[in-house]
1. Show me the strands (runs of 3 or more DSSP E) found entirely inside the range 82-154 where at least 1 residues are among the polar types (S, T, N, Q).
2. Suppose we keep only residues that are part of a loop (DSSP other than H, G, I, E, B) and under 17 Å from THR198 (Cβ atoms) within the range 155-183. Which one would you say is farthest from the chain's Cα centre (by Cα)?
3. Exactly one condition in (1) under 25 Å from SER201 (Cα atoms); (2) at pLDDT 95 or above is not met by GLU80; state its number.
4. Identify, by number, the condition in (1) of a type outside the set (Asp, Glu); (2) closer than 22 Å to LEU9 by Cβ; (3) buried (at least 16 other Cβ atoms within 10 Å of the Cβ); (4) within 17 Å of the chain's Cα centre (by Cα) that PRO205 doesn't meet.
5. Scanning for something charged (D, E, K, R), touching an Asp or Glu at 6+ places or on another chain (Cβ under 7 Å) and part of a loop (DSSP other than H, G, I, E, B), does the range 43-65 turn up at least one residue?
6. Suppose the filter is closer than 24 Å to LEU212 by Cβ and either polar (S, T, N, Q) or out of contact with any Leu (no Cβ under 9 Å at 6 or more places or on another chain) (or both); does LEU96 pass it?
7. Of the numbered conditions (1) among the small types (Gly, Ala, Ser); (2) in contact with a strand residue (DSSP E or B) (Cβ under 7 Å, 6 or more places away or on another chain); (3) touching a residue at least 24 places away in the same chain (Cβ under 8 Å), ALA11 satisfies every one except a single condition; which is it?
8. Just checking, how many residues over the range 125-183 are among the aromatic types (Phe, Trp, Tyr) and buried (at least 18 other Cβ atoms within 10 Å of the Cβ)?
Amino acid sequence: MHLIAPSILSADFSQLSSDVAMINKSNADWFHVDVMDGVFVPNISFGFPVIKAIKKHAEKPLDVHLMIVKPERYVEQFREAGADVLTVHIEASTHLHRTLQQIKKEGMKAGIAINPHTPVASLSDIVFEADLICMMSVNPGFGGQKFIENTYRKIQELKELIAIHNSKTLIEIDGGVDLNNYKKLIAAGADVLVAGNTVFSSSDPKATIEVLKKG
């Protein structure tokens, strides 16, 4: 069964506690938390204080996606803030194997994110070390972007690579996931769907999450 991870970046921050409560009561599996530094991506989101505030009320795991340079500097702090899954970009981590080991040593699941232009083949020597591969289906930095259709082919390619290594690595899709493409993404091999605007712009977010979860 696939997992649903609503993206807090699309929540109403003036009503954050009620949005967290909504996700707690919904069929969602994880909270997806995007951290941006204004350097790796052209946007800035939030840091440790907001993550700690979410963790205080969250009843489900925090899936933290770091869109920052030199993520290895902050692994321990993100664990302390409440991350259960910590994902770093292959494009931003010079010593990726060491960073994944560092994340696991802190007791978190370790994820690798890849940008739309990054070939799946770049993961061939590291995919089996990751608990999760976060495949960006839009250019990272902003919510509400148009889904990149080439993602379906990349999912299938990644699925084959994971099978070759007999790995249990999950495939997460982040960006442009909506009610028009989620079934096709699951059929292609996606294990985790990140949904931001689709959930939080809905008139009934809980019902939308339920639809996405049923697949």
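The values are calculated or read from the model by the stated rules, or taken from the named source; none is laboratory data. Please read all numbers here as calculations on a predicted model, not as lab measurements. Please note: Cβ atoms are built from the backbone with ideal geometry, for glycine as well, and neighbour counts cover all protein chains shown.
1. Details: elements: 85-89, 109-114, 132-136.
Correct list: 85-89.
2. So in the range 155-183, the residues part of a loop (DSSP other than H, G, I, E, B) come out as 165-169, 175-181.
Restricting the remaining residues to those that are under 17 Å from THR198 (Cβ atoms) gives 175-181.
Values: GLY175: 9, GLY176: 12, VAL177: 12, ASP178: 15, LEU179: 18, ASN180: 20, ASN181: 17 Å.
It comes out as ASN180.
3. Result: GLU80 passes all but (1).
4. (4)
5. yes
6. Details: closer than 24 Å to LEU212 by Cβ: no; either polar (S, T, N, Q) or out of contact with any Leu (no Cβ under 9 Å at 6 or more places or on another chain) (or both): yes.
In short, no.
7. Evaluating ALA11 over (1) among the small types (Gly, Ala, Ser); (2) in contact with a strand residue (DSSP E or B) (Cβ under 7 Å, 6 or more places away or on another chain); (3) touching a residue at least 24 places away in the same chain (Cβ under 8 Å) leaves (2) as the failure.
8. Within the range 125-183, the subset among the aromatic types (Phe, Trp, Tyr) is 128, 142, 147, 152, 182.
Add one more test, that the residue is buried (at least 18 other Cβ atoms within 10 Å of the Cβ), and what stays is 152, 182.
Count: 2.
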